[in-house]
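Undergrad: Got a structure for you, questions after.
What follows is calculated from the coordinates using simple rules that are stated; it is not laboratory data. Bear in mind the structure is a predicted one, so any value in this text is a computation, not a measurement. In this analysis, Cβ positions are derived from the backbone assuming ideal geometry, glycine residues included, and neighbour counts consider all displayed protein chains.
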Amino acid sequence: MGKNLVQKILEDHLVAGEMRPGAEIAIAVDQTLTQDATGTLAYLQFEAMGIPKVRTKLSVSYVDHNMLQTGFENADDHRFLQTFAAKYGIYFSRPGNGICHQVHLERFGIPGQTLLGSDSHTPTAGGLGMIGIGVGGLDVAVAMAGMPFNLTVPRVVLVRLRGSLGPWVSAKDVILELLRRLTVKGGVGKVFEYGGDGIAALTVPERATITNMGAELGATTSIFPSDAQTLAFLRAQQREQDWRPLAADKDATYDDVVEIDLPRLAPLVAMPHSPDRVVPVGEVQGTRIDQVCIGSCTNSSYRDLMTVAAILKGKKVHPAVSLAISPGSRQVLNAIARNGALADLIAAGARVLESACGPCIGMGQSPSTDGVSLRTFNRNFEGRSGTPSGRIFLVSPETAAFSALQGVIADPRQLGETLEIALPTSYPVDDGMVIPPSREPDSVEISRGPNIKPLPIASALPDTIKAKVLLVTGNNVTTDHIMPAGANILPLRSNIPAIAEHVFESVDPAFVKRAREQGGGFIVGGENYGQGSSREHAAIAPRYLGVVAVIAKSFARIHRANLVNFGILPLIFDDTASYDAIAKGDELAIVNLRATLPADTRLEVRNLTRDTTSTVRHDLSAREVEMALAGGLLNCMKNG
Ligand code: MIC
Ligand code: SF4
């Protein structure tokens, strides 16, 4: 029987387990990436393993998130990361070199290899035919130590693209269409493999826009075949030698198929506050806007910025609109500087920012009170922009640029004639901002600022948990709700005691005080609990406050893994009635945990306040049970 591309690459990397959907397998990891906001913890964890040098084929440490240096903290972290990389065999991409996913695509990604990254948008590399998976920092640390990565065999969905996109409709609209159809939890447990006659015309940067935002579907990853487009991209990056052709067999089978007719797609927009609240731009056109932001790892390639420059050329941004543009990489910025497009952006009135995540993670450019901001990014969760009342709409670069001129949300198809952006046959390659590991690692001193605090180690789970429910949440709670980011909180990423003060801040400002007073407790959640980012701080900080279990209707993949890695039990409600029967403040008890958890997938939860009992289940593998009981993976490793 023929194989699909995902099966082929996973089988190529299989270390243990059986390739059966739902089973746990272990795969070899070729490459890792970290970014600064998750990297400091990942490296502290790697350091604790006592291994002198990374054991991957390639590991890269990027600095792109914590770029506003409003105090010593971020700059200190950058120094730590740079010295750490030099000592342990890791390439260091300096601040200013660009957003990790964009730079990795340009300079490091290799078709057919596996990449583990401590950032949820690591699947961007799928645009090059790689299996890129977003995980918590600890999983990256383990991979850098040369150990395989454990994952549940995903179901593989073929996304068949037919025909070609119409004028002013672009890759962003393809992934918005999938989000419209499948929602933010439609991809959990799945990998999306793209095929059909419509893929041939899509360039690698366009493919990367689609695989990048597959993260918002909750998918494990997304991937395109490696073909002539891939070769053209790698050749233009002077990396032709890294290319190899990769495709599914002709008679490959899939667990599901989704078909998209590209010519029928219209420009789409995701409305506040979720990437799946997608409607055609036409439905909201005329909405007044205050800000337009172009950039992020989704839409900041050469292709995207050239499109924007062509739309803005010779015109002025609407007087009511602030237009901010952050190029995805120094290479992109350099290319548009050399060909004059940057001058067109500046002349049009754009506020050109450095090559970094910037406004996407609330590092500056927060909109005004009740401000409407149109962004080419991938997430529009409430408050993520830094302005609690901000209303963020997600669109393509075409829609963003045209709307910036109009002052209202506008359909770019009104621009008429189509636009052809020719991609360069040679990009301005310059790896001068990537520092290779030191040749004399023993002489490298690791620099640690006062904000870098040792990682608190959790204790083993008790046999009986008796504690109160600290919070009951609804569906689709994001890690931005659990552990907010933004310019004020991100500098505390290396300091768990300090960052823990902000847990659930926007949801319930009294949460931390309550958790402290009660010595911890349970969290009760709805569907898709913990969707969004890979930040393991959303598990470590609640654990530090004494949270021992989260009982939810379902979990997002990365957050579930992070909970187990740091000793919080993810338990699942069997029915909605059990969820409804628990309120904040109820006292719950689970007894005999140590005996029950390994033996049974069902557990009884006594509600002592209401004198009721409900059954919950877990889907932990034997390995995960051991980890959870020990109080996390680090304890488990120490116990041997
Ligand atoms: C995000 O887009 O939310 C982030 C910031 O890139 C996160 C990582 C983090 O929280 O540091 C992600 O996507 O994993
Ligand atoms: Fe950075 Fe935004 Fe991409 Fe996250 S989603 S890596 S914050 S650009």
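Undergrad: At 0.36 nm per residue, minus the direct Cα-Cα distance, what do Glu417 and Leu608 gain on full extension? Give it in nm, one decimal, please.
TA: Full extension from Glu417 to Leu608 adds 61.9 nm.
Undergrad: With no solvent and one point per C-alpha, what does the Debye sum give as log10 I(q)/I(0) for region 352-431 at q = 0.17, 0.23 Å⁻¹?
TA: Values, matching the q order: -0.81, -1.10.
Undergrad: Another question, if that's okay. Just subtract the alpha-carbon distance of Met49 and Ser459 from 0.36 nm times their residue separation and send over the number in nm, one decimal.
TA: So the extension gain works out to 145.7 nm.
Undergrad: Using mean Cβ contacts within 10 Å as the protection proxy, how do 223-232, 457-466 order, highest first?
TA: The most tightly packed comes first, giving 223-232, 457-466.
Undergrad: If you wrap a convex hull around the alpha carbons of region 525-604, what volume per residue comes out, as a whole number of Å³?
TA: Output value, Cα hull per residue: 103 Å³.
Undergrad: For the chain, take the longest principal axis of its alpha carbons; what is the angle in degrees between that and the long axis of helix 204-213, to the nearest 10 within 0 to 90?
TA: Taking the Cα atoms of the chain, the angle to 204-213 is about 30 degrees.
Undergrad: For Asp261 and Glu440, what does the FRET efficiency come to when R0 = 56 Å and r is the distance between their Cβ atoms, rounded to the nearest 0.05?
TA: For R0 = 56 Å, the calculated efficiency reads 0.45.
Undergrad: Okay, moving on. Show which lysines lie in cross-link reach of Lys468 when reach means a straight Cα distance below 22 angstrom and same-chain residues fewer than eight apart are skipped.
TA: Candidates past the 8-residue exclusion: Lys513, Lys553, Lys584.
Undergrad: How many percent of the alpha carbon pairs in region 343-477 exceed a separation of 19 Å?
TA: Of all Cα-Cα pairs in region 343-477, 75 percent lie more than 19 Å apart.
Undergrad: Over the C-alpha atoms of region 269-366, what are the Rg and the largest Cα-to-Cα span, Dmax, in Å?
TA: My reading of the Cα-based Rg and Dmax gives 13.8, 39 Å.
Undergrad: A further question follows. log₁₀ I(q)/I(0) of region 391-463 at q = 0.17, 0.20, 0.24 Å⁻¹, via Debye over equal Cα point scatterers, no solvent, to two decimals?
TA: Each listed q corresponds, in turn, to -0.88, -1.03, -1.16.
Undergrad: Another question, if that's okay. Which translational diffusion coefficient, to the nearest whole µm²/s, is obtained for region 189-343 from the Stokes-Einstein equation, given a Kirkwood hydrodynamic radius over C-alpha pairs, 10 °C and 1.306 mPa s?
TA: Reported coefficient: 87 µm²/s.
Undergrad: Follow-up. Simple spin-label model, 7 Å along Cα-to-Cβ: Ala228 to Ala201 in nm?
TA: Result: 1.4 nm between the two label points.
Undergrad: Can you give me the pair-distance distribution of region 450-606, C-alpha pairs, 5 Å bins, whole percents?
TA: 2, 9, 19, 24, 22, 14, 6, 3, 1, 0
Undergrad: Viscosity 1.567 mPa s, temperature 4 °C: give me the Stokes-Einstein translational D for region 254-309 in µm²/s, with Rh taken as the Kirkwood radius over C-alpha pairs.
TA: Approximately 91 µm²/s, per Stokes-Einstein.
Undergrad: Calculate how large, on average over all directions, the projected area of the Cα convex hull of region 53-129 is; give the answer in nm² to one decimal.
TA: 5.2 nm²
Undergrad: With a cut-off of 8 Å between alpha carbons and a minimum separation of six or more residues, what is the relative contact order of the chain in percent?
TA: Computed over the chain, the figure is 14 percent.
Undergrad: Between region 489-540 and region 430-480, what is the separation of their alpha carbon centroids in Å?
TA: 13 Å
Undergrad: How do the peptides 414-424, 630-640, 18-28 rank, highest first, by the average count of neighbouring beta carbon atoms within 10 Å per residue?
TA: 630-640, 18-28, 414-424
Undergrad: If you average 1/r across every pair of different Cα atoms in region 156-223 and take the reciprocal, what Kirkwood value do you get, in Å?
TA: This gives a value of 11.9 Å.
Undergrad: Which of the aspartates and glutamates could be linked to Lys87 by a straight reach, that is with a Cα gap under 16 Å, when you skip same-chain ones fewer than 8 residues away?
TA: Output for Lys87: Glu47, Asp77, Glu440, Asp442, Glu445.
Undergrad: Give the share of C-alpha pairs in each 5 angstrom bin for region 288-340, from 0 to the last occupied bin, in whole percents, shortest bins first.
TA: Pair shares across the bins are 5, 19, 27, 26, 16, 7, 1.
Undergrad: Take the Cα atoms of the chain, build their convex hull, and give its volume per residue in Å³.
TA: Roughly 141 Å³ of hull volume per residue.
Undergrad: Now a separate question. Rounded to the nearest 500 deg cm²/dmol, what is the calculated helix-only ellipticity per residue at 222 nm for the chain, with -39500 (n - 2.57) per DSSP H run of length n ≥ 4?
TA: -8000 deg cm²/dmol
Undergrad: Rg to Rh for region 120-265: what is it, with Cα atoms only and Rh by Kirkwood?
TA: Value, to two decimals: 0.97.
Undergrad: Need the C-alpha centroid separation for region 35-75 versus region 92-122, integer Å.
TA: Cα centroid of region 35-75 versus Cα centroid of region 92-122: 14 Å apart.
Undergrad: Along each of the three principal axes of the Cα atoms of region 1-89, give the extent in whole Å, ordering the values from largest to smallest.
TA: Its Cα atoms span 58, 28, 20 Å along the three principal axes.
Undergrad: Same structure again: Give me the aspartates and glutamates in straight-line cross-link reach of Lys313: C-alpha distance below 12 Å, same-chain residues under 8 apart excluded.
TA: Candidates past the 8-residue exclusion: Asp344.
Undergrad: Something else now. So what are the three principal axis dimensions of region 102-188 from its Cα atoms, in whole Å, longest to shortest?
TA: Largest first, region 102-188 extends 47, 30, 19 Å along its Cα principal axes.
Undergrad: In whole Å, what is the distance between the alpha-carbon centres of region 591-607 and region 329-381?
TA: 51 Å
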